[in-house]
Amino acid sequence: MKFLKALLILTFILFLQTEGYCSDVTFTAISDVCLKSDKMENALTPSIQNLLRAKDDINHSGSKFVVFLGNNVAKADKYDLVMFAKIINKIRKPVYAGLGNKDIQRAKRLDKDEYYRLLNKFSKNKISKLPYAKNIDGFTFIFMDGTNEMASLPRGYFKDKELIALEKYLIKYKDKDVIIVQHFPIVKMKEQTKTTYNRESYIKLLSGFDNVRAIISGHENEEFEIEDENGIKHINVPSLSASGEYKVINIKKNNDKFSIKSKIISVE
């Protein structure tokens, strides 16, 4: 079964790579692992099993790297964070792990600095602070935050200093195709209470640039893909914990032709 699943993922990637493109990258996006351990029985919980299966899939796939979109643990807990880190340390690809609202809480002595200190001590995660930018295979990936370490807010809020940092990155990489990676989607949700607080300021900032191609997010525990009025494709990744699913995403560019395709992969 594992062999057939790995073959399916590899076939999807090879299919996407049949044409000669100037820039071409395939990667895995995982959201809301919500890892929770069983400290009493030391048993494999469903969230741990899902992450282990995803790890095996990725190691046998053609993905270039992996992004974790936040809510990597079910609550701000150092023990669970270390367990998450030790599992992703076994992924034989570069790993970029972002933050979600459940990951950090200063009252539990797990602020952003301590989170990344522990995560990077026990894994090979490439990020140590957000926002963060990385050029990969002809594209610029910008990793954003939107979390609050004082309280676990159900909706994201991107502080002014984060948006200023994003603007500086967009100016710096104005000649690059940019992919933004973050936990919170910034599309307008059907329920207003689920919409990111200051999405209007974020959208207004992006409207001044024509090189942002996609925003990859999670949080909502559902899958959707929407193209907004600025031509930016919003790709939301389902919850690994709730649905047992993640996405493999392929991005290509050949001169002025740009393509983004994704496929949902189930760990079941």
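Quick check on my filter: what residues within the stretch 54-74 are surrounded by 21 or more Cβ atoms within 10 Å (Cβ to Cβ) and in a loop (DSSP other than H, G, I, E, B)?
S61, S63, L69, G70, N71, N72
Do we find a residue being open to solvent by less than 50 Å² (accessible area, probe 1.4 Å), in a helix (DSSP H, G or I) and over 19 Å from L163 (Cα atoms) anywhere in the stretch 88-101?
Yes: the stretch 88-101 contains one or more residues that are open to solvent by less than 50 Å² (accessible area, probe 1.4 Å), in a helix (DSSP H, G or I) and over 19 Å from L163 (Cα atoms).
What residue, of L163, L153, is in a helix (DSSP H, G or I) and touching a residue at least 40 places away in the same chain (Cβ under 8 Å)?
Residue meeting the stated conditions: L163.
Name the residue that is nearest to the chain's Cα centre (by Cα), counting only residues in the stretch 121-130 that are in contact (Cβ under 8 Å) with a residue 24 or more places away in the chain and open to solvent by 30 Å² or more (accessible area, probe 1.4 Å).
My answer is K126.
Which of (1) open to solvent by less than 50 Å² (accessible area, probe 1.4 Å); (2) among the basic types (K, R); (3) in contact with a strand residue (DSSP E or B) (Cβ under 6 Å, 6 or more places away or on another chain) is the odd one out, the single condition K261 does not satisfy?
Every condition holds for K261 apart from (1).
From the list R117, R106, which one is of a type in the set (K, R), in contact with an Asp or Glu (Cβ under 8 Å, 6 or more places away or on another chain), farther than 19 Å from S31 by Cβ and open to solvent by 10 Å² or more (accessible area, probe 1.4 Å)? If you could, list the steps in order and put the result at the bottom.
On the way: R117 fails: in contact with an Asp or Glu (Cβ under 8 Å, 6 or more places away or on another chain).
Only one candidate passes the filter, namely R106.
Just to be sure before I move on: is A74 under 24 Å from N50 (Cβ atoms), modelled with pLDDT of 95 or more and touching a Cys at 6+ places or on another chain (Cβ under 7 Å) in the structure I sent?
Spelling it out, A74 is indeed under 24 Å from N50 (Cβ atoms), modelled with pLDDT of 95 or more and touching a Cys at 6+ places or on another chain (Cβ under 7 Å).
Would it be correct to say that Y197 is open to solvent by 40 Å² or more (accessible area, probe 1.4 Å), of a type in the set (F, W, Y), more than 20 Å from V25 (Cα to Cα) and over 14 Å from the mean Cα position of the chain (by Cα)?
Answer is yes for this residue.
Kindly indicate whether any position in the stretch 188-205 is at pLDDT 95 or above and in a strand (DSSP E or B).
No, the stretch 188-205 contains no residue that is at pLDDT 95 or above and in a strand (DSSP E or B).
Tell me, which strands (runs of 3 or more DSSP E) lie completely within the stretch 213-254 with 1 or more residues that are of a type in the set (S, T, Y)?
Qualifying strands (runs of 3 or more DSSP E): 245-254.
For the stretch 200-218, does any single residue satisfy the condition of being open to solvent by 30 Å² or more (accessible area, probe 1.4 Å) and β-branched (V, I, T)? Even if it seems obvious, please write down each step before you answer.
So the first thing to find is which residues in the stretch 200-218 are open to solvent by 30 Å² or more (accessible area, probe 1.4 Å), and the list is 200-201, 204, 207-210, 213.
Keeping just the survivors that are β-branched (V, I, T) gives none.
Within the stretch 200-218, none of the residues are open to solvent by 30 Å² or more (accessible area, probe 1.4 Å) and β-branched (V, I, T).
The values are calculated or read from the model by the stated rules, or taken from the named source; none is laboratory data. Since we're looking at a predicted model, the values are computed, not measured. Positions of Cβ are generated from backbone atoms using ideal geometry, with glycine treated the same way; all protein chains shown enter the neighbour counts. The protein model used for the area step is the full one, side chains on, heavy atoms only, and it has no ligands, DNA or RNA in it. Shrake-Rupley method; radii C 1.70, N 1.55, O 1.52, S 1.80 Å.
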